[in-house]
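K.L.:
The structure is given below, and queries will be raised subsequently.
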Amino acid sequence: MRGLLKLWRRGHSYSSVLAGEPSVVSGNHAAVLLGANDLQFCEWPIPATPPHGHVRLGMEAVGICGSDLHYLRHAACGPFRVTAPLVLGHEGAGRVLQLGGGVTALAVGTRVAVEAGIPHWKWGANAAERYNLSPEMEFSATPPHHGQLATFFDHPAEWCYRIPDSLSFEQGALCEPLSVGIHALRRGRTLPGTRLAILGAGPIGLVTLAAARAFGALSIAITDLKDFNLRMAQSMGADKVIRVSRGDTPADTAAQICEALSGAPEVIIDACGFESSMATALAACASGGRVVLVGMGQSGPLSLDLAAASVREVDVCGSFRYAGTYPLALELQAHGRVALEPLITHRFGWSAAELAAGFEHATAPDAIKVMFRSLAGDVV
């Protein structure tokens, strides 16, 4: 990644990109992606006041997600394509600085975790339970909607959650990836006593592991290519860690999983999202079990032998983002059921140089979660 970031110096105006939109608040700097390998740190326009129903946040902690790296490398992530300047970042927490009209539930100074998605409620009877599937979802840092990696960020108050006093801004920001894991486990109908396998010990695999322990999974195996990630998984409570190699066949890895768990897992969470990992999951899953696809590692279609899974009644389901998870994500951390701070392997402040360093370190062998802190600085 070194040498791929083109960063403007602090103070360079970007208001010409949004002609006609008032840039009346100075000092708002954002991580703006213009295209593949073209990330810029620059001043970003923001209105004088937040819109009705919104709050203006001084961002205090924003993590880098795998999707941010996909957008940086390819200007795309899964089906989403960057065709206009895009502010990155969707794992954030901050402090309320200003209230838009009609906001009464929050006060200036409140510390909040930001749920990244803004759903629209007119699309179906089950919208309240599965609002993540809203076709008009506005999700931070998903084109064309801008993200949270900025000094200031406006967001609907309805989707901001108070951070308990016992938790840090970083823990508030980690509610976002933790929510992905919680939702995946719910999709897999993970119950106390479940024998579980997780494919991939990256950030999503590891938060899923932490949540699975809180859900009461009986025995958990997790796979990865990296020894560092597997050591992290072991320290977070994995019963079995399986070091896989790129030359391993799905059948080989499936056999290792079943041997490690002394039987086939009833639920498998694929946090990788490749054809090979899904083939592994289908081969390893117990008859009558459930395979949940979470990862989006492969950009093209996945070709799988669903007939072999069908005759064993292995259910295959997708898990996309999350719905109704933030209160639980905060409670699990506040009550000590989930401890995610060890996942933050690198921390950076907020400047052009630190933005570049943060994205470079995000691909290092010893990196799990990179976190930018105190983006609002002395303003808050």
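K.L.:
Take the residues in the range 244-292 that are in contact with a Gly (Cβ under 6 Å, 6 or more places away or on another chain) and surrounded by fewer than 24 Cβ atoms within 10 Å (Cβ to Cβ), then tell me which one is farthest from L230 (Cα to Cα).
P.N.:
R290
For every residue, the table says whether it meets (1) in contact (Cβ under 8 Å) with a residue 60 or more places away in the chain; (2) closer than 13 Å to L149 by Cβ; (3) surrounded by fewer than 17 Cβ atoms within 10 Å (Cβ to Cβ).
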{"site": "T49", "(1), (2), (3)": "no, no, yes"}
{"site": "C77", "(1), (2), (3)": "yes, no, no"}
{"site": "L99", "(1), (2), (3)": "no, no, no"}
{"site": "A116", "(1), (2), (3)": "yes, yes, no"}
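K.L.:
Sort through A233, A238 and tell me the only one that's among the small types (G, A, S), in a helix (DSSP H, G or I) and closer than 16 Å to L340 by Cβ.
P.N.:
A233
K.L.:
Something else about it: Which of the following residues is touching a residue at least 40 places away in the same chain (Cβ under 8 Å), part of a loop (DSSP other than H, G, I, E, B) and over 18 Å from the mean Cα position of the chain (by Cα): L106, L34, L57?
P.N.:
Checking each option against the conditions leaves just L106.
K.L.:
Of the residues G193, G172, G181, which is more than 12 Å from E91 (Cα to Cα) and part of a helix (DSSP H, G or I)?
P.N.:
When all the criteria are applied, what remains is G181.
K.L.:
One residue is enough: does the range 123-137 have a residue meeting the conditions surrounded by 14 or more Cβ atoms within 10 Å (Cβ to Cβ) and at positive phi?
P.N.:
There is no residue in the range 123-137 that is surrounded by 14 or more Cβ atoms within 10 Å (Cβ to Cβ) and at positive phi.
K.L.:
Which numbered condition trips up A264, out of (1) free of Cβ contacts under 8 Å to residues at least 24 places away in the same chain; (2) part of a loop (DSSP other than H, G, I, E, B)?
P.N.:
Answer for A264: the failing condition is (1).
K.L.:
In the set A367, A356, which member is in contact with a Leu (Cβ under 8 Å, 6 or more places away or on another chain) and not assigned by TED's automatic domain parsing to the domain that holds I182?
P.N.:
Going through A367, A356 in turn, just one is in contact with a Leu (Cβ under 8 Å, 6 or more places away or on another chain) and not assigned by TED's automatic domain parsing to the domain that holds I182: A356.
The values are calculated or read from the model by the stated rules, or taken from the named source; none is laboratory data. All values reported here derive from a predicted model rather than from experimental measurement. FYI the Cβ positions are ideal-geometry reconstructions off the backbone, even for glycines, and counts take in every protein chain you see.
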